[in-house]
1. Note the per residue figure in Å³ for the convex hull of the C-alpha positions in segment 492-545.
2. So which aspartates and glutamates can LYS283 reach, going by Cα to Cα under 19 Å and dropping same-chain residues fewer than 8 places off?
3. With a bin width of 10 angstrom, please list the P(r) values of segment 706-770 as percents of all Cα-Cα pairs, from the 0 bin to the one holding the largest distance.
4. For segment 258-333, rounded, prolate or oblate, judged on the Cα gyration tensor with a ≥ b ≥ c (square roots of eigenvalues), a/c < 1.5 rounded, else prolate if a/b > b/c?
5. Is segment 155-289 best put as rounded, prolate or oblate by its Cα gyration tensor, with a ≥ b ≥ c the root eigenvalues, rounded for a/c under 1.5, and otherwise prolate when a/b is larger than b/c, oblate when not?
6. I'd like to know how segment 132-220 sits against the 2.2 N^0.38 Å rule of thumb: what's its Cα Rg over that expected value?
7. I'd like to compare 150-159, 126-135, 103-112: which one has the highest average count of other Cβ atoms within 10 Å, and what's the full order after that?
8. Is segment 203-282 best put as rounded, prolate or oblate by its Cα gyration tensor, with a ≥ b ≥ c the root eigenvalues, rounded for a/c under 1.5, and otherwise prolate when a/b is larger than b/c, oblate when not?
Amino acid sequence: MAGRDPLALRICLLLVRLSSVVVPRGGRREWRAEWEAEFRHHHATLRARGTPDWSTSMDLIRRAAGALPDAAWIRRQFTLDAEVVHDARHGLRMLWTSPRFSIPTISILAIGIGSTLALATLLDTLLFRPLPYADSDRVVTLWQRTAEGARDDVAPANFLDWRERSQSFESLAAVIPYSYDFTGDGEPEVFFGAQVTENFFETLGTRPLVGRSFLPEEHRPGARPVVVITQGLWQRRFGSDPAIVNRAITLDDRLYTVVGVLGADFRPQLLPRPGEMAVWTPKVILEHEKRTRASAWWNVVGRLKPGVSVAQAQLELDSISAALAREYPRTNEHLGVSMITLREHLMGDVRLPLFIMLGAAVLVLLIGCANVANLLLARGVERAREFAIRNALGAGRARLIRQLIVESLLMSSVAAAIGLGLAYWAIGAIVSLAPSGVLRLHDAMIDGRMLAFTVALAVCTAIGFGLIPAFQFSRTDRHVLRVRHSAPTRRFRRLLVSAEVALAVVLLTGAGLLIRSFERLLAVDPGFSPRNTVALQVFAHDRNGTPDRARAFFQATLDRIRALPGVEAAGAVSAMPFANANINIKSDLDIVGRPTKPQERRSVYLTIATSGYFRALTIPVREGRSLDDRDAEWSPRVAVISEALRRREWPNESPLGRHVRFVWQGQQIEAEVVGVVSQIRHERLDSAARAEVFVPFRQLPFASMTYVVKGKGDSAALIDAARRAVWSVDPLQTFYETGELEEMIAASLSRQRFSVTLLTALAAVALTLCAVGIYGVIAFATAQRTREIGVRIALGADQGAIRGMILREGGVMVGAGLAFGLMGSLAGTRYLRQLLFEVRAFDPLTLALVSCLLGAVALFACYVPARRATRIDPVMALRSE
């Protein structure tokens, strides 16, 4: 049969037979049969196609040239696999038989890998995971930029001008916060939601899960009321009714037709509000809104045209903003436009803290690697005889390095598996601590990409802590069965400890700065006393739209709340400090008798308050009086101003008796200043107190108010009693937000608390690992010097001298680490500046405290082995050698 084969085929088969000698004996026959079958099949295929003989021969010979490299690769792979499997078995046996080494080593690595993986997963969710909106990279949010550079909501008329004049956007849409009182089955309930202008859902890039979005004609005056609801509301309140579309529901005493249901992933976070943004309705732009530029409460989203960059669109908006400033200098002179991508907006305030925490987690991992490398160096000395015997029996340096690297990979793999569990737990803990506005963090999960990241992290970690010990202890002497624990090895171990100390200093300094900043923030006086005080916000304009009805409603409800047992004071205010839905009303302020140029006009916040508000919040009166019952609707108009306004307008004189003029609902109002109250912080403790004018509710009634109640006993019971008191006047009245004032202030500190908690936890881990590393090196070095110490004691050295010798050795390592760590802190803490409040990035007190803390921990870590060394029996030490 072989004789009838063509010459080229016979040559190829001969080359395969010759090459098969290289293949290990166990797989030689199968390898040769596979190659021969492939050649015969290929030859038959070429002949069937009519390929010329010379072309067939050249193709077969070219293929045969690959047989020898393949055989060599098979042999190398077969041998390498067997050796690796042997190394792995040996490594597992070594880990199993030495739990005092393997358990702390794996635990240290698991903590470092788990913390790094958790923070990397959270950042991946914010930075790279696709958003549930079509072409989301072209979606941006737009904001008014104040003269101070802060972002603010958008005035209606400014939005309309942006939409009309810009050419860089496919569409611009606005969303306006709104809430609806639902009075269907069961208790009355507030549905948080928003009104949206035309093409809002198309601009964002989303479509309803069921039904449709709004039609253009539904944004016109007189159109049929329609609503789009979220999937959560559909399931919770309507039982996922499949016939929900075209069903009528009652909102604010009007029938609205449900036309669509939004999917569960629709969470644009344009309006951070308590609870779910459950209902969305078409916005009908009113005539006065087309002229409103002084008050800003709209949020704007835009979709860029294909090929238009964010920078190009920003240039166009800057030009439009400059034109508006020239046309409307009174309101727009110092206003700009800020534009950020939707992804950046969704990150909220946690992007910088998460990046900083990821860096801190990497530092913890590096400290862990240094610790494990030290442990491996110490263990390598104990295995000196094993390495020397292996070398004497023929194991080369490469073979020993591979064995040690395989052992490192095994430890790192086990640590990575444990770290996955730690990361899963840490993600849940971090998300629970994160500010409530960053909803996308709740979507964080360890997916396939994060598993691949874990594998890569485990490999890099194994190389990081295992490579240097592997090279160090693979240098063996064939003729002497020992490994020299040389001076360079000792110096390298001390260098690792100094590096651990330096990294720990950086982490502890960052944590110390955040803790001091947080303490300063907690010490800030908000201008009132939040203790034993609750707030209940209502929007009562639906059934109390006239001034007389609003006066009667709030007077009746406040009388019933004040009559409740345990209530000490009660009032109501339009702009409740630290509330989510703060009604901020701004107006130009004129001081009667003081000439003011148009370019010198200054704005002020206008707040409506009842007579009991200042007493309920225990707001100190600095001068004059607060508002009281004498300020009735028929009395002369009066006003109380904040201390911040007094300092701005009357720094060197009393404002009492002066008259101010402001705008209320399009009308000029003049009032006499009768008092000055403490400056009040409204949004955050780290925000400046604002210039504010308080006017009596009875003189300027307003239906969107927040009850403020100070009382004794349980706060939840007080809130429940106040709700029942309001329902006794109007059973259909809903509550937009209720809560304890202390909790509302605490919620405003969530970002700072988030950063402090995470970095402090990582710093505590770093401090622990650092202490373990110092103790390990000193204890091992002391054990190596047992004979020397025994001789010293035998020659008369006292215990103090022995302790001093060992403590000096540790002090040199710690001192070097502190010096480098302080230099690293000066370079690294500048990234914390945005998170600090009244604390400099270079804070001598923090650096001193960190140095003292680390010094004390290091002293204790050195003292334990030093104390043990003083108890060495000289006779036993000499015999052991």
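Derivation of every value follows stated rules applied to the coordinates shown; laboratory data play no part. As the structure is a computational prediction, the values presented were derived from the model and not from experiment. Cβ: placed from backbone, ideal geometry, glycine included. Neighbour counts: every protein chain shown.
1. 164 Å³
2. Output for LYS283: ASP153, ASP161, GLU164, ASP181, GLU198, GLU202, GLU217, GLU218, ASP252, ASP253, ASP542.
3. Using 10 Å bins, I get a P(r) of 16, 32, 20, 15, 12, 5, 1 for segment 706-770.
4. Oblate is the answer for segment 258-333, as a/c is 1.5 or above yet b/c matches or exceeds a/b.
5. Since a/c reaches 1.5 and a/b is larger than b/c, the shape of segment 155-289 is classed as prolate.
6. 1.32
7. Descending packing order for the listed peptides: 103-112, 150-159, 126-135.
8. rounded
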